[in-house]
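J.: Here's a structure for you.
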Amino acid sequence: MSTHETKGSGLKWVGRAIRRLEDPALVTGQGRFTADLPATHWVRFVRSPVAAGSIKSITFPDGARVITAADLSGVKKITPMLHKFSYRPVGQSILADGQVRYVGEPVAIAVASSEEAAEDLADLVDIDIDETAPLVDARDALADGAPQIHAEAPGNVILEGTVKTPGFDSVWDNAARIVAINARSRRQNATPMEARAGHASYDAPTGRITLTCTTQMPHLMRTAITDLLGMRESDLRVIAPDVGGGFGQKMSLCAEYVALVWLARQLKSSVAWTEDRRENLIASFHSRDQYIALEAAFDKDAKLMALRADIVSNVGAYSCFPTTSGVEPLMAMAEMPGPYDVQQYQCRARGVLTNTCTMAAYRGVSRPVITFTLERLMDKAAAAFAIDPIDIRRRNLIAKFPYTSAMGLVYDEATYKETLEMAVAAIDVPAFRARQQAARAEGRYLGVGFATFSERTGYGSPAFAARGMAITPGWETVHLTVDPSGFVEARIGSSPHGQGLRTTLAQIIADEIGVAPDLIKVIHGDTDTAPYGWGTFASRSLVISGGATLLAARKVRAKLLKIASHMLEAAPEDIVLENGSAKVAGTDRTVTIAAMAREAYTQTHRFKGEIEPGLTESGTYDPPGTFSNACHVAIVAVDVETGFVRIERFLVAEDAGRIINPMIADGQVHGGVAQGIGNALLEEIVYDESGGILTANLADYMPPTAQEMPPIELHHLETPSTQSITKAKGLGEGGSIGAPAAVVNAINDALAPFGVQIDEMPATPQRIRAALRASSSAHSRASGKPGA
Amino acid sequence: MKPAAFVRHVPKTLDEALKVLSDVAPDDGRILAGGQSLVPIMAFRLAKPAHLVDINEVEGLQHIASDGTMLSIGARVRHAAFHKPVVDGPLGALLAYVARHIAHYPIRMRGTFCGSLAHADPSSEWCLVSATLGATMVVKSTRGERLIAAADFFEGIMSTVLAEDELLAEVKLPLLSADTKFGFYEFSRRAGDFAMASALVTYRLEGGQIVDARVGVGGAEPSPRRIAEAEAALNGQAPGEDIFRATAEAAAAAVEPLEDHQTTGEYRRDLVRAVVHRALENSV
Ligand SMILES: Cc1cc2nc3c(=O)[nH]c(=O)nc-3n(C[C@H](O)[C@H](O)[C@H](O)COP(=O)(O)OP(=O)(O)OC[C@H]3O[C@@H](n4cnc5c(N)ncnc54)[C@H](O)[C@@H]3O)c2cc1C
């Protein structure tokens, strides 16, 4: 399915599709997940059945172990902070204290000796709530006189970002044409295969607590939880064991884990919670619930001159830690202009509180929505100018680098046009248009849709500081050790949970020090054994942890060369490291890395004054960040009688710099595209007017299954990055960023004869039929006159 | 998602099963067949039966037998049994064609034909087949046996006329004559999902004209049923696009569509129109 056009790294291991080192354990049932751990106590969270109101009473059977907010006095509220954009800090109690603000908010904890018993007990907890009218939609929450969800955030606006470039007005006023779109993105859940789970245990001899949980950020969880509970950070160990996907949902701090640590300390015992799917869909974290009104000013040649955006992001009931609820609206504001050359920009982005589940990061963060909005707009503009959608992109994509965007972001380098042309050639657009014409004559509606976008990846701390985040993740540290047996161990602060980092980092190390990747173990996800780091999110780990790994590996390499030069009595420059040995080039004089490592530990007197004992080196990397890019193309068939969309073909032409492992890279793109297709067609969290969720199982909330996935055709253009020392860029999110726009553009192209415009995601069959019904041509079609 | 506590009974004979059932029925006792509907409902705690009468080891309920006019399907027969035709002629082919639209493979390996009828999901394929072809339900309890026609069996969404102590021991489907034509079509958003609308049509041709037309619609109303208006549109006509369109239109107009948060009545009618039309197209 995949056509690699790898230019080749010229290296032995980097660039090869070796099998993932983490897979043998996972595919033979040897993975270790949080829910596998035995526990003495099990908890069930009793959640608010109503969206808004004040708690009158909580009653439960005498003698039962039920925890409520009253028991947690002294525990601080989760209060994420942002120092910009008129951000209003709002706090979230670990258990609802007085007020409930969304259906699913934890109100009490039922503790019992088994999961079943905890559920039985939870059924007996009676919460009496004085219900008030909830706000579910962001627009209602913005209306004058709407109830206040938090007193701290007047008008329910938790933050507001605005920007306007100085030359905006004059450019706008002189535009040849203004094209507008009102885009709507419905709410989604990231739906990791493994829902959340936590296990906290007390260690009597030390008094320490170990929290094992499904997190993407173990170190930050430790910092955050100890802050809230007033503990010393050294008294808490956080372990992320095998984690079954996260997609951003598991990067935020959840109240449940704080409660587990608190309970383990109280009970001096072990206590566990395994979230069920229903809870995950109702009460984990949601995303993508946005309205974007976007207008674009073009000159007479369809050249984009200015963009004006009004972004309203429904952030739910609380702010998420650490990113804050700025994560969606501010990402949207910063990156709205996308891959297009446009220097005038005006934007207002608001985060709006509602009585819904809290919004947090989900793969792509806002970019699926802004790419959808902007790419729909470009297609509308093409139609307005009566030019081809490909042509309007050719006229407007950025071609000269580095490019400074209207928002001041520096796009280091990108291949927007190249990937577009690569995709256009692979699709054979003229052949498709002919097929489309022929099909229409038979009453079949095919469409092609393009999406070009940039994906900011691997950004370091300054990028987060620019958002005014109180916490600016960015750097990563790697400790690399060759042990006395010659076995290599890398301890990393990133926390992969499906990305294959154990394999790709091993490939990077392997090339540097000349050992095979299967002799290299990458250790992560345990605050007792891994260096402080930020975990895995935002397409960062391969760039940042990979960079830190390379720096550490270079140091180990240098040290190995010195040791070898002693042992082989040759100049370091004449020595090569390969196949587990150091060799004097052009001779047969070699010494194994194992022998050198043994020397480094046990014969240090030999190198006295020249080489430090042992063989451990560290690397830390905090890069400026780099932009990957891609063009996605979907070809769809729309069944106009039912509104069903079948994706016939899906193609990705992308450039993520040097590809460390093509198989893993492809897997990342495939997975992202699958989620993007879910976003485009299927997945939607639906609230009713009372704030209840109607999509609380996987029959109603519909991620695509393997059967809904088309074959995905991948084309890689590997332009080595100059902004990343491994030359690699991130690509974890791109699949989900481009796919929704490509699919929905294709649907609109298919339906062009009916004159309908679908500017909403997901584009469900119901919505497509409703649009068709509303267009008069659809009426005659449906009443039996094909093609009318 | 852990069910509330329950007692599981595993009778080996039909008499024993009926006896336990009649004992525990007043105490919220339920039959457990393939468990593919009941177990999820229990996991969500939407049902908390105190007793389960597991019929998976009851002798004499595994049969699929034809007596030349009727096909009998026992209560332990799984969906997967129909992957290949179980009887010669159009009925075997029809059941095999329909079966692969039910859920996913692992679910078809456990779920039962009779369990589907007893569960009475509006979208159930087997309920649609039974309603369209005019199945007879053979219902047993310690009080005796009664036969119920499909048209009298379904009472609404997940509701039948079965009493608490009654077991649907078998269902009988009339065999279809060799010249019977059939067509089936269902619409769902993902493969394996419950149908949002489905249609099954059967008819014969005499002198080029349609006779004995049956048009069943599922998933659109609380229970699947035959649509007389659509059948009237077909009978006496030669098969063809215009007549198929008119039949589909008649069906769409006749149903009282179920609505939910994502499906308006209008949309459901759109689907009924489409599935009936396509079932007819598939029939030729
Ligand atoms: C993901 C998923 C998708 C599905 N998709 C479909 C689909 O597309 N189409 C479809 O038709 N079904 C679908 N199903 C349901 C499946 O077909 C079930 O197997 C079927 O509905 C019930 O049969 P069962 O044998 O599993 O019954 P059980 O789950 O054991 O029982 C269901 C109910 O019927 C009662 N019952 C069972 N047998 C008898 C009997 N002999 N007499 C009296 N009462 C009885 C039980 O007490 C219970 O109330 C799906 C299920 C799942 C989990």
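The values are calculated or read from the model by the stated rules, or taken from the named source; none is laboratory data. Source: prediction; values computed, not measured. So basically every Cβ, Gly included, is an ideal-geometry build from the backbone, and we count neighbours across all protein chains shown. Remember, those area values only see protein heavy atoms, side chains included, never the ligands or the DNA or RNA. Shrake-Rupley method; radii C 1.70, N 1.55, O 1.52, S 1.80 Å.
J.: Could you tell me how far the Cα centroid of region A:59-74 sits from the Cα centroid of region A:146-176, in Å?
T.: 44 Å
J.: What part of the accessible area of region A:191-283, given as a whole %, is carbon or sulfur when the probe is 1.4 angstrom?
T.: Ligands and nucleic acids excluded, carbon and sulfur give 48 percent.
J.: Are any of the pairs A:K12/A:K250; A:K380/A:K727; A:K76/A:K250; A:K250/A:K400 more than 29 Å apart by Cα-Cα distance, and if so, which?
T.: Flagged as over cut-off: A:K12/A:K250; A:K380/A:K727; A:K250/A:K400.
J.: Comparing the chain by itself with all protein chains present, which residues of region B:1-18 are at least 50 Å² less accessible (probe 1.4 Å)?
T.: Residues of region B:1-18 that lose at least 50 Å² of accessible area once the other chains are added: B:M1, B:K2.
J.: Further question: Measure of size requested: the Rg and Dmax of region B:64-174, with Cα atoms as the atom set and Å as the unit; please supply both.
T.: Every Cα atom of region B:64-174 included, Rg and Dmax give 13.1, 37 Å.
J.: Classify chain A as rounded, prolate or oblate from the Cα gyration tensor: take a ≥ b ≥ c as the square roots of its eigenvalues, call it rounded if a/c is under 1.5, otherwise prolate when a/b beats b/c and oblate if not.
T.: In terms of gyration-tensor shape, oblate.
J.: Using the alpha carbons of region A:81-173, what is the convex hull volume per residue in cubic angstrom, as a whole number?
T.: Hull volume normalised by residue count: 172 Å³.
J.: Related question: Just going by the charge dipole of the protein assembly as shown, with Lys and Arg at +1 and Asp and Glu at -1 on Cβ, which of A:L568, A:G245, A:V271 is farthest out on the positive end?
T.: A:L568
J.: Treating only the Cβ atoms of Lys and Arg (+1) and Asp and Glu (-1) as charged, compute the dipole magnitude of chain A about its Cα centre; round to the nearest 20 debye.
T.: 1300 debye
J.: Here's a follow-up. Using a 1.4 Å probe, what is the accessible area per residue for chain A, in Å²?
T.: 34 Å²
J.: Filter the DSSP H helices in chain A by two things, a Kyte-Doolittle mean of at least -1.0 and an axial alpha-carbon span of 15 angstrom or more, and list the hits by number.
T.: Going by DSSP H runs, the hits are A:218-229, A:255-267, A:367-385, A:416-427, A:429-441, A:501-513, A:541-568, A:662-677, A:734-750.
J.: How much of the accessible area of region B:64-174, probe 1.4 Å, is carbon plus sulfur, in whole percent?
T.: The computed percentage sits at 51.
J.: Order the following by accessible area, largest value first: B:I64, A:I292, A:I239. Probe radius 1.4 Å; ligands, DNA and RNA are ignored.
T.: B:I64, A:I239, A:I292
J.: Using only Cα atoms, figure out Rg for region B:7-54 and give it as a multiple of 2.2 N^0.38 Å.
T.: Computed over Cα atoms of region B:7-54, the ratio equals 1.10.
J.: Accessible area per residue of region B:181-283 at 1.4 Å probe, in Å²?
T.: Result: 35 Å² per residue.
J.: Quick one: length gained pulling A:S269 to A:A441 fully straight, 0.36 nm per residue minus the C-alpha distance?
T.: Fully extending the segment from A:S269 to A:A441 adds 54.8 nm.
J.: Next question. If I take the Cα coordinates of region A:296-445 and project them onto the principal axes, what are the three extents in Å, biggest first?
T.: 52, 40, 27
J.: Let me spell out the model: positive unit charges on the Cβ of Lys and Arg, negative unit charges on the Cβ of Asp and Glu, origin at the Cα centre of region A:475-621. What dipole size does that give, in debye rounded to 20?
T.: 100 debye
J.: Ok, one more. Which percentage, to the nearest 5, of the DSSP beta bridges contained in chain A is antiparallel?
T.: So the antiparallel bridges in chain A amount to around 75 percent.
J.: In addition: Any idea of A:T477's accessible area? Nearest 10 Å², probe 1.4 Å.
T.: Taking all protein chains as shown, A:T477 has close to 20 Å².
J.: While we're on this one: Once you have the alpha carbon radius of gyration of region A:467-580, what is it after dividing by 2.2 N^0.38 Å, with N set to its residue count?
T.: 1.16
J.: Let me ask something additional. In region A:694-736, which residues become less accessible by 30 Å² or more once every protein chain is in place, relative to the chain on its own, using a 1.4 Å probe?
T.: Buried by 30 Å² or more upon assembly, which counts only protein chains, are A:L694, A:M702, A:Q707, A:E708.
J.: Between A:H83 and A:A133, what FRET efficiency follows from the Cβ-Cβ distance if R0 is 41 Å, with the result rounded to 0.05?
T.: Here the calculated transfer efficiency is 0.75.
J.: Anything losing 20 Å² or more of accessible area from the isolated chain to the full protein assembly: pick those residues out of region A:114-136, probe 1.4 Å, ligands and DNA/RNA ignored.
T.: With the partner chains in place, region A:114-136 has these residues losing at least 20 Å²: A:E115, A:E116, A:E119, A:D120, A:D123.
J.: Roughly how big is the A-B contact, given as buried accessible area in Å² (both sides, 1.4 Å probe, nearest 100)?
T.: Chains A and B together bury roughly 2700 Å² of accessible area.
J.: Using a 1.4 angstrom probe on heavy atoms only, work out the carbon and sulfur share of the accessible area of region A:572-654 in %.
T.: Exposed carbon and sulfur together represent 47 percent of the surface.
J.: A follow-up question, please. Using a 1.4 Å probe and ignoring any ligands, DNA or RNA, find the accessible area of A:E116 and quote it in Å² to the nearest 10.
T.: Taking all protein chains as shown, A:E116 has close to 80 Å².
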